[in-house]
Amino acid sequence: MAPAEQYLQKALDAFDFGGQVVGAVRFGSGHINDTFCVHTQPGEDPCRRFILQRISPSAFHHPEQVMANIAGVTSHLKKEIAAQGGDPERETLSLCQARDGRCFYTDPEGGAWRVYPFLEGTMCLQSADTPERFAASARAFGKFQRMLKDYPADTLYETIPHFHDTEARLAKLKEVVAADPMGRVKDVGPELAFVAAREGDCSVVLQALRSGELPLRVTHNDTKLNNVLLDRTTGEAVCVIDLDTVMPGLSINDFGDSIRFGANHCAEDETDLDKVNFDLNLFDAYTRGFLEGAEGAFTPAELDYLPWGARLITLECGIRFLTDYLEGDHYFRIHRPGQNLDRCRTQFKLVADMEACWDKMCSVVDRYR
Ligand code: ADP
Ligand code: GN1
Ligand code: MG
């Protein structure tokens, strides 16, 4: 039995859900954490739902630091949302207290469990079905940046060190290639050649950070479309979720990760690469929404580097999938053999597409800046 299922009952017992728990089922399609939807029946009242999550101990070595970051950031966001006349219970996540008064429960294997009220009336998209919905997600992530503009970055823990350090990701790939623990290097010649031709690119953004051209901000760092909940009725964004990697980072990476995942019409693990195409119209919609939501929070240099954010986060993510494939799929959850290699290939195809329409991407940014 997976550790999550093994400790599920203990985790359920650790929280007071305000009524009898009538079920807990696996939920969502995240690659890292174990997520369950908990159903309760509080007396005569209608059933209520909660999200119960086990933070992956292999990805996050200090879950208490993850939780401290989330507690700090969500309480800051609640104040900002209230000040702007929004609903702080709906527009950011709310942590439920465990019975012992902490905001998480730790199981015997060191996995930390937390609970959020389920945000009802929302939807979580796996692909951008319309440019307007993609733009709505973009406004939410842009606004997220703006609302955290004055958050003291030095109070945040780095929950995964060197998370978007593309140079370090490249170095790790090389180490794994040299060790070849699964004997899989022989299958990935074209992918390694693709990376080798772009080694210099891996330093472009980091160089701009080191030179002081790009500022370090409080960023989300995992801005996939399925990490924002949209209102089922209006299609507008309600809440940015999955706050485990909120830490000091680059705004262009938040922009880039959304583009990587959403500015196309394919699944991240699509095996038919003919179906994997970067969509400039979706890029346009996201750029418009992100800059609208940020309301001028970015410097001219950040705007200059937005296309690089998209291209390099996509390359970096492909490198991470490839590394995990070569290491034996320990990090990203897989549902079939070869899935991480398929994920890597879609990322590299998207990078090649972005390179091919680079000038157009830059023109889109120029239009909205
Ligand atoms: P992971 O790190 O594994 O991606 P997430 O925090 O993104 O975990 O949660 C996984 C899924 O659970 C989300 O994609 C979303 O569908 C759902 N989810 C998470 N939090 C909530 C919430 N508060 N209300 C409703 N759905 C949620
Ligand atoms: C992971 O947890 P999830 O599924 O939202 C990963 C991201 C990757 C993404 C690729 C903590 O995101 O960095 O970009 O998969 N999260 C972590 O889909 O590593
Ligand atoms: Mg997620």
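Evaluating Phe50 against the criteria (1) surrounded by 16 or more Cβ atoms within 10 Å (Cβ to Cβ); (2) at pLDDT below 95 leaves one unmet condition, (2).
Each row is one residue, and each column tells you yes or no for (1) in the same structural domain as Ala356 (by TED's automatic domain parsing); (2) touching a strand residue (DSSP E or B) at 6+ places or on another chain (Cβ under 8 Å); (3) more than 16 Å from ligand 2 (Cβ to nearest atom).
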site: Leu250; (1), (2), (3): yes, yes, no
site: Leu280; (1), (2), (3): yes, no, yes
site: Ala294; (1), (2), (3): yes, no, yes
site: Gly309; (1), (2), (3): yes, no, no
site: Phe321; (1), (2), (3): yes, no, no
site: Glu327; (1), (2), (3): yes, no, no
site: Arg343; (1), (2), (3): yes, no, no
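Just one of the numbered conditions (1) out of contact with any helix residue (DSSP H, G or I) (no Cβ under 6 Å at 6 or more places or on another chain); (2) within 16 Å of ligand 3 (Cβ to nearest atom); (3) among the basic types (Lys, Arg) is not true of Arg336: (2). In the range 203-223, the residues that are in the same structural domain as Pro161 (by TED's automatic domain parsing) and over 19 Å from Asp150 (Cβ atoms) form Cβ pairs under 8 Å with partners that are of a type in the set (D, E, K, R) and modelled with pLDDT of 95 or more, at six or more places apart or across chains, as follows: Ser203/Glu167; Leu206/Asp165; Leu206/Glu167; Asp222/Asp242; Asp222/Asp244; Asp222/Asp257; Thr223/Asp254; Thr223/Asp257.
Restricting Gly142, Gly101, Gly189 to those that are outside the structural domain of Ala83 (by TED's automatic domain parsing) and more than 18 Å from the chain's Cα centre (by Cα) reduces the list to Gly189. Can you say whether Thr92 is assigned to a strand (DSSP E or B) and surrounded by 14 or more Cβ atoms within 10 Å (Cβ to Cβ), as far as the supplied structure shows? So Thr92 does not fit the description; no.
When Asn33 is tested against the conditions (1) of a type in the set (S, T, N, Q); (2) within 16 Å of ligand 2 (Cβ to nearest atom); (3) touching a Pro at 6+ places or on another chain (Cβ under 9 Å), the lone failure is (3).
Residue-wise test of (1) touching a Gly at 6+ places or on another chain (Cβ under 9 Å); (2) surrounded by fewer than 19 Cβ atoms within 10 Å (Cβ to Cβ); (3) in a helix (DSSP H, G or I); (4) not assigned by TED's automatic domain parsing to the domain that holds Thr223.
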{"site": "Lys10", "(1), (2), (3), (4)": "no, yes, yes, yes"}
{"site": "His39", "(1), (2), (3), (4)": "yes, yes, no, yes"}
{"site": "Asp45", "(1), (2), (3), (4)": "yes, yes, no, yes"}
{"site": "Glu64", "(1), (2), (3), (4)": "no, yes, yes, yes"}
{"site": "Val73", "(1), (2), (3), (4)": "no, no, yes, yes"}
{"site": "Leu77", "(1), (2), (3), (4)": "no, no, yes, yes"}
{"site": "Ala82", "(1), (2), (3), (4)": "no, yes, yes, yes"}
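Report yes if Phe27 is within 18 Å of Thr106 (Cβ to Cβ), within 16 Å of ligand 2 (Cβ to nearest atom) and crowded, with 17+ Cβ neighbours inside 10 Å, otherwise no. In short, no.
Checking Ala14 against (1) under 23 Å from Cys124 (Cβ atoms); (2) more than 13 Å from ligand 1 (Cβ to nearest atom), which single condition isn't satisfied? Going through (1) under 23 Å from Cys124 (Cβ atoms); (2) more than 13 Å from ligand 1 (Cβ to nearest atom) one by one, Ala14 breaks only (1).
Kindly provide the set of residues from the range 14-53 that are free of Cβ contacts under 8 Å to residues at least 24 places away in the same chain and away from ligand 3 (no atom under 16 Å from the Cβ), ordered by number. Answer for the range 14-53, where residues must be free of Cβ contacts under 8 Å to residues at least 24 places away in the same chain and away from ligand 3 (no atom under 16 Å from the Cβ): Gln20, Val21, Gly23, Val25, His39, Thr40, Gln41, Glu44, Pro46. Out of curiosity, is Asp284 of a type in the set (D, E, K, R) and away from ligand 2 (no atom under 13 Å from the Cβ)? Judged against the criteria, Asp284 is a match. With a cut-off of at least 3 residues that are in contact with a strand residue (DSSP E or B) (Cβ under 9 Å, 6 or more places away or on another chain) and buried (at least 17 other Cβ atoms within 10 Å of the Cβ), name the helices (runs of 4 or more DSSP H) lying wholly within the range 128-214. Result: 131-147.
The values are calculated or read from the model by the stated rules, or taken from the named source; none is laboratory data. Here the structure is a predicted model, which means the values were calculated and not measured. Note: ideal-geometry Cβ built from the backbone for every residue, glycine included; neighbour counts use all protein chains shown.
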